[in-house]
1. Taking B:Asp102, is it within 13 Å of another protein chain (Cβ to nearest Cβ), more than 19 Å from B:Val139 (Cβ to Cβ) and loosely packed, with under 14 Cβ neighbours inside 10 Å?
2. If I filter segment C:74-87 for residues that are more than 21 Å from C:Leu16 (Cβ to Cβ), of a type in the set (D, E, K, R) and touching a Phe, Trp or Tyr at 6+ places or on another chain (Cβ under 6 Å), do I get at least one hit?
3. Give, as residue ranges, the strands (runs of 3 or more DSSP E) completely inside segment A:44-153 that count at least 1 residues that are closer than 18 Å to A:Met380 by Cβ, touching a helix residue (DSSP H, G or I) at 6+ places or on another chain (Cβ under 8 Å) and touching a residue at least 24 places away in the same chain (Cβ under 8 Å).
4. So which residues in segment A:406-431 are surrounded by fewer than 22 Cβ atoms within 10 Å (Cβ to Cβ), within 14 Å of chain B (Cβ to nearest Cβ) and either of a type outside the set (A, V, I, L, M, F, W, C) or assigned to a helix (DSSP H, G or I) (or both), if there are any at all?
5. Checking A:Val228 against (1) within 14 Å of chain B (Cβ to nearest Cβ); (2) on the phi < 0 side of the Ramachandran plot; (3) in contact (Cβ under 8 Å) with a residue 60 or more places away in the chain, which test does it fail?
6. In this structure, does B:Leu9 turn out to be more than 9 Å from chain C (Cβ to nearest Cβ), more than 30 Å from C:Phe108 (Cβ to Cβ) and either crowded, with 22+ Cβ neighbours inside 10 Å or of a type in the set (Val, Ile, Thr) (or both)?
7. Can you name every residue in segment C:152-166 that is more than 20 Å from C:Thr96 (Cα to Cα) and either under 14 Å from the mean Cα position of the chain (by Cα) or surrounded by 15 or more Cβ atoms within 10 Å (Cβ to Cβ) (or both)?
8. Could you grab me the full set of residues in segment B:270-296 that are crowded, with 22+ Cβ neighbours inside 10 Å and either within 14 Å of chain C (Cβ to nearest Cβ) or within 15 Å of the chain's Cα centre (by Cα) (or both)?
Amino acid sequence: MKILIKNGRLVDPATGRDEPGDVAIAAGRVVALGAVNPDFHPNRTIDASGLVVAPGLVDLAARLREPGHEHEGMLESEMAAAVAGGVTSLVCPPDTDPPLDEPGLVEMLKFRARNLNQAHLYPLGTLTRGLAGEVLTEMAELTEAGCVGFSQAEAPIADTLVLQRALQYASTFGYTVWLRPQDAHLGKGVAASGALATRLGLSGVPVVAETIALHTIFELMRVTGARVHLCRLSSAAGVDLVRRAKAEGLPVTCDVSVNHLHLIDMDIGYFNAAMRLTPPLRQQRDRDAIRAGLADGTIDALVSDHTPVDEDAKNLPFAEAEPGATGLELLLSLALKWGEDSGAGLAKALATVTCAPVKVLGDALGSLQSSAGRLVEGGMADLCLFDPAARWTVEPRAFRSQGKHSPFAGFELPGRVRTTLVAGHVAYEDK
Amino acid sequence: MLQQRNPQLNSHGELIHLLSIEGLPRAVIHHILDTAGTFLSVNDREVKKVPLLRGKSVFNLFFENSTRTRTTFEIAAKRLSADVINLDIARSSAAKGESLLDTIANLSAMHADMFVVRHSESGAPYLIAKHCAPHVHVVNAGDGRHAHPTQALLDMYTIRHYKQDFTKLTVAIVGDIVHSRVARSDIHALTTLGVPEIRAVGPKTLVPGDLKEMGVRVCHDMAEGIRGADVIIMLRLQNERMSGAMLPSAGEFFKNYGLTPEKLALAKPDAIVMHPGPINRGVEIDSAVADGTQSVILPQVTFGIAVRMAVMSTIAGNNA
Amino acid sequence: MTVNQLDAESLYTALLAGVKPLVKPNTALVGVWSGGAWLAERLQRDLGLAGEHGVISSALHRDDFSQRGMSNADPTKLPFEVDGRAILLIDDVLYTGRTTRAVINELFDFGRPASVTLAVLVDRGGRELPIEAAFTAARIALAPDDRLRLARDDAGRFSFDIKESD
């Protein structure tokens, strides 16, 4: 199908392009960018007047809940949520049920996702079997099945010997290990340690739960040479440690979730379980450091951390509620909001969810590495057309995701996705 | 962040639920204490009942066991002529896997007018207040570590009865403060009522430094904490603290932080000794002190019934 | 008589005269808070009665609790045994009769009086219950939304606090 996108504002953070232009698409690829040959005859023309034409978003953390948690989300609903949010490629953590520690499971998931013909799915495999932190998984087999890295999701490995060996093994083959820096014992609380948790009588997670884990990871990286991607930083001290590790030259990258970019512990208010998240929301200083870290590149990518939770699992006292928040449909707007509030601008905001996450994935993307997260002639036609001037109010009941609640409920946010194209076909259109 | 209205107050600023002392205006606290005074005199009459809650059903929902607290609420409700139903949830539907909100919905279908709730998780009464029918009132009888507002109100009544002027007092709270909902509610009440010096006394594992954010002076030395105090509130030490590696033994706790006659002598000569009960003799408090002339532990219990009558009648009279 | 002609002090004089013959050896004066209590306090002195007058509040037995919530009255204080006494209730204004009903219920929580008699300063009609005063110093008619209450200044002089509806 040949598609012509006319009169858009082409923004490609990877190259710095930001100018009016057209885009011609054929056979799933971008065949012309900027000026289109007049004898290109499209089957369909999309008028992108007033819209930004950007690379489709790349989300490094989105839970689709299949297999195993179908009461919380299905591939269909969550993929629909992704494209509605302009996300055309996403990485899912391996904590499904059963966890992604078998090549067969990974192949099945990729097959199902391909058939839906919506966003591209890049699964992470588990680092240890069953996420139990004892026996290594068959990382080579899993990579062949399509895994782009290996992770322990929310189950930190308490045994440092096992962690060292896992990093050593992964580094043999150049696999990236995705770790959430949280000490297995100190990290058991439900809210960030501090005045708010004390006042509300909630068990706390101290900052040292994150910094001790970071120190351990960096020390093991130094002796094993492993490449690590740190998932969901939450503290100022953590950002600072990553800054120093990067300055030292350690092969480390990191991400932060939209929740920690915008919210703090005070937003828990009267025990609002929509704010029950892992890692927990920290204080103003930590949010300020995260914002500064995203701006100066210490933090590489912004992720949605999309984790749809069943209504019943949120309608519980705070400590008993299941942590997690829906985020795919908010990723673009929350990135743009940061761009506005911080003065970083639209292109920089877009970079955190397009070319920067692709850099984190690196070789794992294979041939797609050259075109994912960017606008390039000859590349895969994954595009997000959005109205940067639109403002909308977050109404969780209207989400396409099965997780119908959000910590941002009622917020007014900038930017509305109008059309999303994946591999050259229209996967989503705003009616 | 979007502003949320204090769920305890209706749009006219009147109390419809009692969930926490936080956010209660000083005037509301004094009104409850004054009303409690009226009910105290009722408890001295031949006929100890008044008809204010006649025809209303008060459901005691205790997800965490406590015969003492439940009994005082039951007595208070009955003296207001309410019908009282006691639900021992621990042994019933929750154990069968029924969710908290389903339990509430079922009880509301039985025309409950008021829920008195005790739960082991901080914040549970807020969830209940958010989801129950508009005419139903919720009283928090203790949620996790967060709050025990009726205890704080009766503690304030006790202090007002013996000391009158809050603005001139030094109050010491001693013991396992970090795990104590009574301590949190007492601290909020004392600060709201204008007490200038509140001391939190105990070892670092039970009284961490960040408690000072609540407006108290943290003291790890008992003598320093008790010296010159007008009011001493002793808290119960629970056995779980030893198994959680926070304390080596009850004996060592008593040695450093137990209230003995010698330590009491460091406080003002007319200082009063309070305890929310039940007391652990020889762990946080010496028998000689618990039974001594400065102890007001038993009057606290009497005041507790009147205060709970005041709370229930105040909220029952205000509409959502 | 119209409301503007009400002179609290002279009505008190009439009340004192009217109440004298109602006083028996076992009489106890009980004033309804707040206006009735002030009247009872002065009557106790002027009648030369032994002991102390009682003050009674309707707060705990009101029938409008669900609409108006807890009221602010001073608590009931009866410094004598109620059993066997001839209680003489004193109130400033008698209107629907509901306050008197509530106060009688409150009284019976304390014991069994030999009798209960009511004496008021002003009867403004509009009764909704079968309640009457044995002595009334003045009768007037008021609109339902008008408010009439006894006031007392720092020197102890009585006057009326009148709020007419529009």
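The values are calculated or read from the model by the stated rules, or taken from the named source; none is laboratory data. Owing to the predicted nature of the structure, the values given are computational and were not obtained by experimental measurement. Reconstructed Cβ throughout: ideal geometry from the backbone, glycine too, with neighbour counts over all protein chains shown.
1. no
2. Yes, segment C:74-87 has at least one match.
3. A:52-55, A:57-59, A:87-92, A:120-123
4. Within segment A:406-431, A:Ser406, A:Gly410, A:Glu412 meet the criteria.
5. It fails just one condition, (1).
6. In short, no.
7. Hits for segment C:152-166 are C:Arg152, C:Phe158.
8. Once the filter is applied, which keeps residues that are crowded, with 22+ Cβ neighbours inside 10 Å and either within 14 Å of chain C (Cβ to nearest Cβ) or within 15 Å of the chain's Cα centre (by Cα) (or both), segment B:270-296 yields B:Met274, B:His275, B:Pro276.
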